[in-house]
1. When the residues of region 1-29 are filtered to those that are farther than 30 Å from Arg76 by Cα and part of a loop (DSSP other than H, G, I, E, B), which remaining residue is modelled with the highest pLDDT?
2. Need the failing condition index for Gly41 against (1) surrounded by 10 or more Cβ atoms within 10 Å (Cβ to Cβ); (2) at pLDDT 70 or above; (3) over 19 Å from the mean Cα position of the chain (by Cα), just the number.
Amino acid sequence: MENIVLTVHLIITLCLIVIVLIQRSEGGGLGMGGGGGGGGGAMSGRPAISALGKLTWVFGIAFLITSISLTVFAARNSSGGSVLDTTAITAPAPTEAPAGDALLPPTLPATGDAPLAPPRVDE
């Protein structure tokens, strides 16, 4: 059920984006432009809502409903704990430091009578 609501939510989101981008800009933000008249009524300064405006309202309400539904599904499926509680990283237990010769680099086993010599550099 959650996957169906999520798919519908994504489709509504895309439709809402397209509808908003198709609409003609009235100028002035937040509904403060557009001038007077336009068929909204004799005394109101608001124009009549167009079909695209109605679709925007429908998709906006549907977006809100699907968002709340997905939130309810997520709350119902949660375990009640924090995400940080489930991904707690524990530090490894401290170990004793090696003593004496264990700190020195390992030596190569002797293969003959002569000790190993550093590589020769010719000038």
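1. First, pick out the residues of region 1-29 that are farther than 30 Å from Arg76 by Cα: 18-29.
Those left that are additionally part of a loop (DSSP other than H, G, I, E, B): 23-29.
Details: Gln23: 85, Arg24: 79, Ser25: 76, Glu26: 69, Gly27: 57, Gly28: 48, Gly29: 50.
Ranking the qualifying residues of region 1-29, first place goes to Gln23.
2. With respect to (1) surrounded by 10 or more Cβ atoms within 10 Å (Cβ to Cβ); (2) at pLDDT 70 or above; (3) over 19 Å from the mean Cα position of the chain (by Cα), Gly41 is out only on (2).
The values are calculated or read from the model by the stated rules, or taken from the named source; none is laboratory data. All figures in this text were calculated on a predicted structure; none of them were measured in a lab. When we count neighbours, we look across all protein chains shown, and the Cβ atoms used for this are built from the backbone with ideal geometry, even at glycine.
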